[in-house]
Amino acid sequence: MKLTVDSGSTKTDWGFFGTSDDVKIFKTQGMNPLHQSADDIRTVIARELMERIPGIDPRWVKELYYYGAGCASGTICSQMAGILEEFFPDAAIVVDSDMLGAARALCGHSEGVACVLGTGSNSCLYNGHDIEDQVPSLGYILGDEGSAAALGRRLINDCFKRQLPDAVCKEFLEKYSLTKETIIENVYRKPMANRYIAGFAPFLIDKRDIPGVHDLLIQCFSEFFTRNVINYHKPWLPVHFVGSLANSFADELKETADSLGMTIGKIEASPMKGLVDYHSSPD
């Protein structure tokens, strides 16, 4: 049995499979070793995964491919592999970045530009097996253009700065019981501020056709393309996207790409199917 894991800051998908046609997927909260301790990650795995898979013996897993947020350095990857080995002792474990997982899921064994738009954002130039070039994301404070965190941050700012229609601002603030004080408390004084800010992005889905909101979306996605994708200097390659946010705003992404002379390839809500296919097929 093989296990492929896609872990972001908000949620983690665990896909157990023998063949690409027989996959059992379990979900837990997100895990990021840059923001969570090893003990916190162990607790998530023990309580949210191991207790839910009574029909699966962890020793059946012989290959484990973990693609995770925060797994960009060798040291972090080794630490994460050590934690996973405690739960899956008979598995050959490979830990890589969530960006490489997205690229393999979207592009398979072909060259392309792969992008992640979820709580955060990221992108890379992929050569069919590994990442060839990558413009750094820099996280939700310094970067993450086009992400749910970026959209949420812009929405909050535009409402308080009176840049959106009054009716939209009033509905937004009332829906989430927001005041300036509650926002300051949650963003500057509590942990996981990126999740908090990103949680407001879904509000924009039903408001996407309102002129001010549509402009907000196109501007945020334009920043993602112009500050990230365009710097790979291969405009002929398809630009693929994965992530809940990308899936929700597929039309706006296509509109933005068209305006910049770029071609959209796949847009998938989750990389799991693509990862299972990748690890089920030969190079």
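Derivation of every value follows stated rules applied to the coordinates shown; laboratory data play no part. A quick note: this is a predicted structure, and the numbers were derived from the prediction, not measured. All Cβ positions, glycine included, derive from the backbone under ideal geometry; neighbour counts span all protein chains shown.
Where does segment 71-164 land on Rg(C-alpha)/(2.2 N^0.38 Å)?
Normalised by 2.2 N^0.38 Å, the Cα Rg of segment 71-164 equals 1.37.
Calculate I(q)/I(0) for segment 181-283 by the Debye formula, one identical point scatterer on each C-alpha and no solvent, and give its log10 at q = 0.12, 0.18, 0.22 Å⁻¹ to two decimals.
Debye intensities relative to I(0), on a log10 scale: -0.55, -1.01, -1.19.
Given segment 1-126, report the % of alpha carbon pairs whose separation exceeds 16 Å.
Considering segment 1-126, 61 percent of its Cα-Cα pairs are separated by more than 16 Å.
Note the listed values (i) 1.01; (ii) 1.46; (iii) 0.98, then indicate which one is Rg/Rh (Cα atoms, Kirkwood Rh) calculated from this particular structure.
(iii)
Determine which residues of segment 119-145 fall in the zone a paramagnetic label at Val94 would reach in this model, i.e. backbone nitrogen under 16 Å from the point 7 Å along Cα→Cβ.
Residues 127-132 fall inside that zone.
What is the distance in Å between the Cα centroid of segment 204-270 and that of segment 111-179?
That distance is 11 Å.
Ignoring trypsin sites (Lys or Arg not before Pro) that are buried or in helix or strand per DSSP, and keeping those with at most 15 other beta carbon atoms within 10 Å, what is the longest stretch of the chain between them?
63-160
If I take R0 = 22 Å and measure r between the Cβ atoms of Asp130 and Trp236 in this structure, what FRET efficiency does the formula 1/(1 + (r/R0)^6) give, to the nearest 0.05?
So, using R0 = 22 Å, E works out to roughly 0.60.
Which whole-number percentage describes the relative contact order of segment 102-185, with Cα contacts under 8 Å and a sequence gap of 6 or more?
Averaging sequence separation for qualifying contacts and normalising by length gives 18 percent for segment 102-185.
So, in nm, how far is label Tyr196 from label Leu142 when the simple model puts each one 7 Å beyond its Cα toward the Cβ?
Between Tyr196 and Leu142, the label points sit 2.2 nm apart.
Have a look at Gly108, Gly212, Gly143 and tell me which one the Gaussian network model of the chain (Cα, springs below 10 Å) gives the largest fluctuation.
Its mean-square fluctuation being the largest, the pick is Gly212.
Provide the percentage of antiparallel DSSP beta bridges, counting only those with both residues in the chain; round to the nearest 5.
If we restrict to bridges inside the chain, about 55 percent are antiparallel.
Cross-link list Lys62/Lys273; Lys62/Lys266; Lys190/Lys254: which exceed 24 angstrom alpha carbon to alpha carbon?
Lys62/Lys266; Lys190/Lys254
Any idea how far apart Arg42 and Glu111 come out in nm if each label point goes 7 Å out from Cα toward Cβ?
4.6
Kirkwood Rh, Cα Rg: Rg to Rh for segment 74-233?
Rounded to two decimals, Rg over Rh is 1.06.
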